[in-house]
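The block underneath contains the structure these notes are about, expressed in structure tokens.
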Amino acid sequence: NADGKGMQKAYEIEYLLNDTLPVRLPIMKSGSMRTVFTPELKSRDRVCWRIRLTDENRETGEWSEWASFEIGLLNVEDWKAKWIMGDYEHSSKPEIRYPVDCFKKEFTVKSALKRVRLYITACGLYEVKINGHKVGNRVFTPGSTAFQKRVHYQTYDVTEMIQSENTFTIELADGFYSSKTGCFNKAKVFGYQLELVNEKDDIEIVGTDGSFLWSNDSEIRYADMKDGETVDSRMSATYTGTARVTEYQGIICADNNVPVIEKEQLINPRVVHCPDGNTVLDFGQNIAGYVEFTVTGAPGHKVSLICGEKLDDNGNFTIKNILLSGDY
């Protein structure tokens with residue numbers, strides 16, 4: 001404080017490693033907080049910790065709320081899952097695009113569980129659901145990396161989502177890896193392992209392998225980071241095939257990116273009727289996002305939405321200002 005009161009002079013940390021008895025570290029006489037955690041941590045270790053402060057009057061405050069962190073999969077041998085892909089031959093021609101791959105896995109849980117962790121990644125973009133509910137709040141996972149060298153996995157606590165009978169469904173799109181803006185133009189692949197820990201700390205792993213059901217006949221017929229998405233609402237995934245086991249030669253490492261999440265929803269756009277007959281929905285600002293809407297129509301009717309930034313000199317919608325040479 002400005003009057004020199006209420007200043008930190010020392011701090012004390014207490015922690016629990018994997019739910020063991022609390023360990024209290026020696027009091028550190030310091031006005032800052034920088035602690036080196038000395039116990040050697042292994043894959044999957046969980047540390048809960050809290051802190052309390054002492055001021056210049058030697059008055060010690062209350063303990064803080066418990067916080068925690070968890071170690072990921074540190075070693076190559078920790079990753080037990082196979083890499084899988086859709087069962088089709090992938091063309092190297094960049095102009096050939098493919099529908100979203102859909103995978104499905106059903107499994108039964110017979111014993112009480114202490115915790116469940118899902119480790120998942122992809123060369124492409126994935127979205128995973130457990131019993132019909134999306135896992136996590138992220139979008140565009142696993143993000144963009146130098147895929148030829150490494151790929152990031154995300155970790156989710158899905159303990160509360162697991163039931164006795166479970167169905168996993170995964171959608172896999174081209175994303176930053178195989179889309180028109182991607183630089184690899186290879187078949188999209190992914191892998192995950194679900195680790196179920198019972199009350200005795202025994203771990204059962206449900207990982208991707210050749211038993212996963214697969215098809216690419218869902219309603220998402222085309223999904224590209226630049227050219228957009230085509231949806232045929234008359235279709236739905238049948239999962240009539242099985243996945244193909246493949247390989248990934250890069251490093252699989254924990255995610256260190258800032259997560260991309262939905263921040264807000266913009267509604268009630270201004271409707272603009274252009275001279276050329278097109279209708280524009282003006283949200284009043286330049287945004288990064290996607291459109292959600294409902295529509296009623298007969299089978300075969302088409303609705304086209306094109307996103308852009310401006311009207312031309314005649315008051316008509318245009319995307320010429322954002323097109324690269326040779327596009328369209």
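Here are some notes:
- With respect to the stated conditions, residue 159 fails to be surrounded by fewer than 18 Cβ atoms within 10 Å (Cβ to Cβ), touching a Lys or Arg at 6+ places or on another chain (Cβ under 8 Å), modelled with pLDDT under 95 and not basic (Lys, Arg).
- Filter pass, residue 69 being open to solvent by 70 Å² or more (accessible area, probe 1.4 Å) and under 30 Å from residue 15 (Cβ atoms): yes
- Scanning segment 28-84 for residues that are small (Gly, Ala, Ser) and either more than 30 Å from residue 209 (Cβ to Cβ) or not in a loop (DSSP other than H, G, I, E, B) (or both) yields 30, 31, 32, 61, 64, 67, 68.
- The single condition from (1) more than 28 Å from residue 96 (Cβ to Cβ); (2) within 22 Å of the chain's Cα centre (by Cα) that residue 290 fails is (1).
- Output for segment 205-241, where each listed residue is part of a loop (DSSP other than H, G, I, E, B), surrounded by 14 or more Cβ atoms within 10 Å (Cβ to Cβ), within 20 Å of the chain's Cα centre (by Cα) and modelled with pLDDT under 95: 225
- Subset tally (residues that are within 25 Å of the chain's Cα centre (by Cα) and on the phi < 0 side of the Ramachandran plot) for segment 34-59: 6
- Residue identified as open to solvent by 70 Å² or more (accessible area, probe 1.4 Å), in a strand (DSSP E or B) and free of Cβ contacts under 8 Å to residues at least 60 places away in the same chain among 129, 114, 110: 129
- Taken over segment 168-193, the criterion of being open to solvent by less than 40 Å² (accessible area, probe 1.4 Å), assigned to a strand (DSSP E or B) and not aliphatic (A, V, I, L, M) is satisfied by 168, 169, 190, 191, 192, 193.
This table checks each residue for (1) out of contact with any Lys or Arg (no Cβ under 7 Å at 6 or more places or on another chain); (2) within 27 Å of residue 189 (Cα to Cα); (3) modelled with pLDDT under 95.
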{"site": "60", "(1), (2), (3)": "no, no, yes"}
{"site": "75", "(1), (2), (3)": "yes, yes, yes"}
{"site": "116", "(1), (2), (3)": "yes, yes, no"}
{"site": "139", "(1), (2), (3)": "yes, yes, yes"}
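- For residue 196: the one exception among (1) open to solvent by 20 Å² or more (accessible area, probe 1.4 Å); (2) touching a residue at least 24 places away in the same chain (Cβ under 8 Å); (3) over 23 Å from residue 150 (Cα atoms): (1)
- One residue stands out among those in segment 136-156 that are at positive phi and touching a helix residue (DSSP H, G or I) at 6+ places or on another chain (Cβ under 9 Å): the one that is surrounded by the fewest Cβ atoms within 10 Å (Cβ to Cβ), which is 140.
The values are calculated or read from the model by the stated rules, or taken from the named source; none is laboratory data. None of the values given here were measured: they were computed from a predicted structure. Quick reminder, even Gly has a Cβ in these numbers, built from the backbone with ideal geometry, and neighbours come from all protein chains shown. Ligands, DNA and RNA are excluded from the accessible area calculation, which covers all protein heavy atoms including side chains. Shrake-Rupley method; radii C 1.70, N 1.55, O 1.52, S 1.80 Å.
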